[in-house]
Amino acid sequence: MSEYYININKRQINSIEVPKNAVVEVGEDLVLKLNNHGSPLHITISAVNARRFTHFLHENLYLQENLEFKIPIFSTAPTGSFQIEVITGYGIVKESFKVSVCDKELEIPEILDDIPSIEPEKNRYVYPALLITLVVLGWAAYIAGYLYYGNVPGFASVIILTLAVLVAWRCRP
């Protein structure tokens, strides 16, 4: 919850002292603590270009002494900024300040700091001689299936070529 003080009637009648800017996180409330240092009066608080950040647009208040005024910020609001205007003296005195809406900062638990970094897996080298031998045997069995009648050479070629693919896949860098 972000709290900011606004002083009314502190220097002179209808004077307004606002913060230069305010920062509020998405999903939080912007709390304006209004302090009246003089006689009771009507003030107007309005938001300019705030439709993306809050449903608050405009409010007329009767301020006697102190008042806490909350402006809710949407939990789905984007980051950005809008203006808040404070008006007294029936529109004669107006002050404004910028409200910046920012994302909530993620807190990383201390437990995550103790987790060791994962070392990269050692490269497994492809053995080219083994792969070439399996591929040559597979093709030889495939050709033998055409030359000699029977199921054994045909099945052997499929099994040997599948084994070559598996070895190549498991031994990739």
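None of the figures in this text is laboratory data; all of them are computed from the coordinates on show. A quick note: this is a predicted structure, and the numbers were derived from the prediction, not measured.
For this structure, a couple of remarks:
- Region 1-40 - convex hull of alpha carbons, volume per residue in Å³: 61
- Cut-off under 5 Å, modelled amide H: who pairs with Leu30 long-range: Ile71, Ile73
- Separation of alpha-carbon centers, region 129-158 and region 1-54, rounded to whole Å: 84
- Summarised in one figure, the compactness ratio Rg/Rh of region 1-115, Cα atoms and Kirkwood Rh, is 1.09.
- Relative contact order of region 1-98, pairs being alpha-carbon contacts under 8 Å that are 6 or more residues apart, as %: 32
- Distant-in-sequence amide contacts of Ile6, defined by a placed amide H-H separation under 5 Å and a gap of 5 or more residues or a different chain, comprise Lys33, Leu34, Asn35.
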